[in-house]
Amino acid sequence: MTVEEKCTQTGRPNHQLRRLCGVTLNRALKFIFYLLLPLALGIFTVFITVHQQNMAEQQWSEDQRIAQQQRQLERESAAKQSLDKMFNTFIKEIGELLEKNNGSLSRNPIIASIARAKVIDALLQPSAQHNSRIIRFLYESGQLRETPEQNPIDLSRVELRGITFRNTVINERDLNHMSLA
């Protein structure tokens with residue numbers, strides 16, 4: 001039997017036949033829509049929450065990387081300041097010895113020993129740039145040249161690796177290709 005035959009046999013209108021368990025199709029669609037809207041909002045909320053968590057993790061990772069770089073820069077700055085302070089102290093102490101001994105650190109054996117110890121201690125630092133500044137200071141103060149009046153400071157058995165004199169001019173001589181490698 002077709003729907004039309006049922007309508008004619010029972011005398012009920014066609015729209016009443018669209019009921020399922022006492023619920024019309026229109027009401028069933030509205031009910032499904034009312035269920036889908038909160039479900040869609042829930043899925044959207046979960047998606048946004050996961051996205052925000054991912055963004056927070058990325059931000060945290062970036063903040064950690066920046067903090068690590070900042071700590072590294074602070075350590076490097078502190079090390080540089082320490083080397084600069086040590087270099088300045090070295091220059092001051094050796095300068096005082098030079099002044100007290102008329103520009104010679106090797107005439108008096110005690111002063112020569114003290115100066116050698118200070119020079120070796122200063123050259124033990126790992127910075128090749130720092131060490132090249134010390135060598136340059138000693139050269140310019142005349143402590144690395146042998147003259148009839150004095151001997152040079154004894155730097156035997158001192159490790160002088162990696163020291164370069166690029167962009168250095170001493171007594172109008174270019175030392176670009178000189179290296180103590």
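The values are calculated or read from the model by the stated rules, or taken from the named source; none is laboratory data. Keep in mind the model is a prediction, meaning the values are calculated, not measured. Don't worry about glycine lacking a Cβ; one is built from the backbone with ideal geometry, like all the others, and counts go over all protein chains shown.
Quick notes
- Within region 93-105, the set of residues being farther than 15 Å from Glu140 by Cβ and touching a Lys or Arg at 6+ places or on another chain (Cβ under 9 Å) comprises Glu93, Leu97, Asn101.
- Of all residues in region 100-131, those satisfying the criterion of being among the polar types (S, T, N, Q) and free of Cβ contacts under 8 Å to residues at least 40 places away in the same chain are Asn101, Asn102, Asn108, Ser113, Gln129, Asn131.
- Residue list for region 122-160, restricted to those being surrounded by 15 or more Cβ atoms within 10 Å (Cβ to Cβ), closer than 11 Å to Ser106 by Cα and of a type in the set (S, T, N, Q): Gln143, Gln150
- Hits in region 119-161 (condition: part of a loop (DSSP other than H, G, I, E, B) and polar (S, T, N, Q)): Gln125, Ser127, Ser141, Gln143, Thr147, Gln150, Asn151, Ser156
- Failed criterion for Arg166 (all others in (1) surrounded by 13 or more Cβ atoms within 10 Å (Cβ to Cβ); (2) at pLDDT below 80 hold): (1)
- In summary, Ile110 fulfils each of the numbered conditions (1) within 30 Å of Tyr139 (Cβ to Cβ); (2) among the β-branched types (Val, Ile, Thr); (3) surrounded by 10 or more Cβ atoms within 10 Å (Cβ to Cβ) with the single exception of condition (3).
- Given (1) closer than 29 Å to Ala78 by Cα; (2) within 40 Å of the chain's Cα centre (by Cα); (3) modelled with pLDDT of 75 or more, index of the condition Arg157 fails: (1)
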